[in-house]
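Only one structure is covered here, and it is reproduced in the block below.
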Amino acid sequence: KGVVLNNYDVGSYFVFYHFPENRPFVDNRPEAYPSDFFRDLYIPMQRYEEKWHEALNKYGFSIVYWNYRDGTPWSDSFLHNVMNDDSWGLVHADNSIFVFVESESHPELFKSRITKDNAVERLSSLLESDSRRDVKSGAEILRRLGLLQQALGTYHELLEEDPKDIEVLLALAS
């Protein structure tokens with residue numbers, strides 16, 4: 001429980017599974033929001049750390065539920081900032097979703113966060129999966145956590161199996 005910040009891509013999913021106990025911050029019905037919501041709040045708070053802190057103070061978010069495959073530059077910027085903020089912890093990661101919790105609001109969950117020290121173990125279900133999508137997701141999460149050598153090793157293993165895998169080649173190029 002807590003005030004949840006989610007991104008546009010998962011808003012309807014969030015409504016379906018968690019409403020009315022929790023309401024999404026945004027869903028993928030742009031017509032339901034004034035145009036200035038996206039222009040003045042939603043995108044800037046992802047792009048600029050100071051805008052994120054303003055929104056955090058205003059709305060009191062304590063959970064971030066995020067589709068990390070959102071390809072927008074502002075989403076990448078936001079995820080980088082949250083992942084590098086010591087007061088937030090990544091507590092769940094699968095092949096499309098990150099869940100972060102704020103340390104003071106959710107201290108028990110925060111203790112179970114995925115860190116650089118435990119990521120390979122915590123992500124083993126993805127990294128050791130028979131599904132290439134899961135293994136690619138595991139590598140992407142390692143990369144986002146700053147575990148570049150482990151991510152590169154996983155990407156290279158994937159390339160040995162399929163040297164023309166465009167997703168892996170693009171990941172290595174980024």
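The values are calculated or read from the model by the stated rules, or taken from the named source; none is laboratory data. All values derive from a computational prediction rather than experimental measurement. For neighbour counting, all protein chains shown are included, and Cβ atoms are generated from backbone atoms with ideal geometry for every residue, glycine included. Note: areas computed on protein heavy atoms with side chains; ligands, DNA, RNA excluded. Shrake-Rupley method; radii C 1.70, N 1.55, O 1.52, S 1.80 Å.
State all residues of segment 16-48 that are charged (D, E, K, R) and either part of a loop (DSSP other than H, G, I, E, B) or closer than 18 Å to residue 68 by Cβ (or both); if no residue qualifies, say none. It would help to see each step written out before you state the result.
First, pick out the residues of segment 16-48 that are charged (D, E, K, R): 21, 23, 27, 29, 31, 36, 39-40, 47.
Result: 21, 23, 27, 29, 47.
Report yes if some residue within segment 5-15 is part of a strand (DSSP E or B) and either under 19 Å from the mean Cα position of the chain (by Cα) or farther than 22 Å from residue 77 by Cβ (or both); otherwise report no. Give the derivation first.
So the first thing to find is which residues in segment 5-15 are part of a strand (DSSP E or B), and the list is 5-6.
Pick out the ones that are also either under 19 Å from the mean Cα position of the chain (by Cα) or farther than 22 Å from residue 77 by Cβ (or both) and you get 5-6.
For segment 5-15, residues part of a strand (DSSP E or B) and either under 19 Å from the mean Cα position of the chain (by Cα) or farther than 22 Å from residue 77 by Cβ (or both): present.
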Under 9 Å by Cβ, and 6 or more places apart or on different chains, what pairs join a residue from segment 131-155 that is acidic (Asp, Glu) with one that is modelled with pLDDT of 95 or more and assigned to a helix (DSSP H, G or I)? 134/125; 134/126; 134/127; 140/151
Of the criteria (1) closer than 22 Å to residue 27 by Cα; (2) free of Cβ contacts under 8 Å to residues at least 40 places away in the same chain; (3) open to solvent by less than 30 Å² (accessible area, probe 1.4 Å), which one residue 91 fails: (1)
Can you say whether residue 67 is modelled with pLDDT under 90 and among the polar types (S, T, N, Q), as far as the supplied structure shows? no
Going through segment 16-49 one residue at a time, which ones are aliphatic (A, V, I, L, M), within 16 Å of the chain's Cα centre (by Cα) and open to solvent by 30 Å² or more (accessible area, probe 1.4 Å)? 43
If I filter segment 104-124 for residues that are of a type in the set (A, V, I, L, M, F, W, C) and assigned to a loop (DSSP other than H, G, I, E, B), do I get at least one hit? yes
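Criterion first (open to solvent by 30 Å² or more (accessible area, probe 1.4 Å), aliphatic (A, V, I, L, M) and in a helix (DSSP H, G or I)) does residue 169 satisfy it? Spell out how you get there, then give the answer.
On the way: open to solvent by 30 Å² or more (accessible area, probe 1.4 Å): yes; aliphatic (A, V, I, L, M): yes; in a helix (DSSP H, G or I): yes.
In short, yes.
Table: residues versus (1) on the phi > 0 side of the Ramachandran plot; (2) open to solvent by less than 20 Å² (accessible area, probe 1.4 Å); (3) of a type outside the set (Ser, Thr, Tyr); (4) part of a helix (DSSP H, G or I).
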| site | (1), (2), (3), (4) |
| --- | --- |
| 70 | no, yes, yes, no |
| 74 | no, no, yes, yes |
| 80 | no, no, yes, yes |
| 85 | no, no, yes, no |
| 99 | no, no, yes, no |
| 142 | no, yes, yes, yes |
| 156 | no, no, yes, yes |
| 159 | no, no, yes, yes |
| 164 | no, no, yes, no |
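Scan segment 117-126 and tell me whether some residue there is closer than 20 Å to residue 3 by Cα and open to solvent by 40 Å² or more (accessible area, probe 1.4 Å).
Of the residues in segment 117-126, the ones closer than 20 Å to residue 3 by Cα are none.
No, segment 117-126 contains no residue that is closer than 20 Å to residue 3 by Cα and open to solvent by 40 Å² or more (accessible area, probe 1.4 Å).
When segment 57-68 is examined, which residues are found to be assigned to a loop (DSSP other than H, G, I, E, B) and out of contact with any Phe, Trp or Tyr (no Cβ under 6 Å at 6 or more places or on another chain)? Outline the logic, then answer.
Residues of segment 57-68 that are assigned to a loop (DSSP other than H, G, I, E, B), as a first pass: 60, 68.
Correct list: 60 only.
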Determine if segment 50-64 includes at least one residue that is modelled with pLDDT of 95 or more, open to solvent by 30 Å² or more (accessible area, probe 1.4 Å), under 15 Å from the mean Cα position of the chain (by Cα) and not small (Gly, Ala, Ser). no
Is it the case, given these coordinates, that residue 120 is among the β-branched types (Val, Ile, Thr) and touching a His at 6+ places or on another chain (Cβ under 6 Å)? no
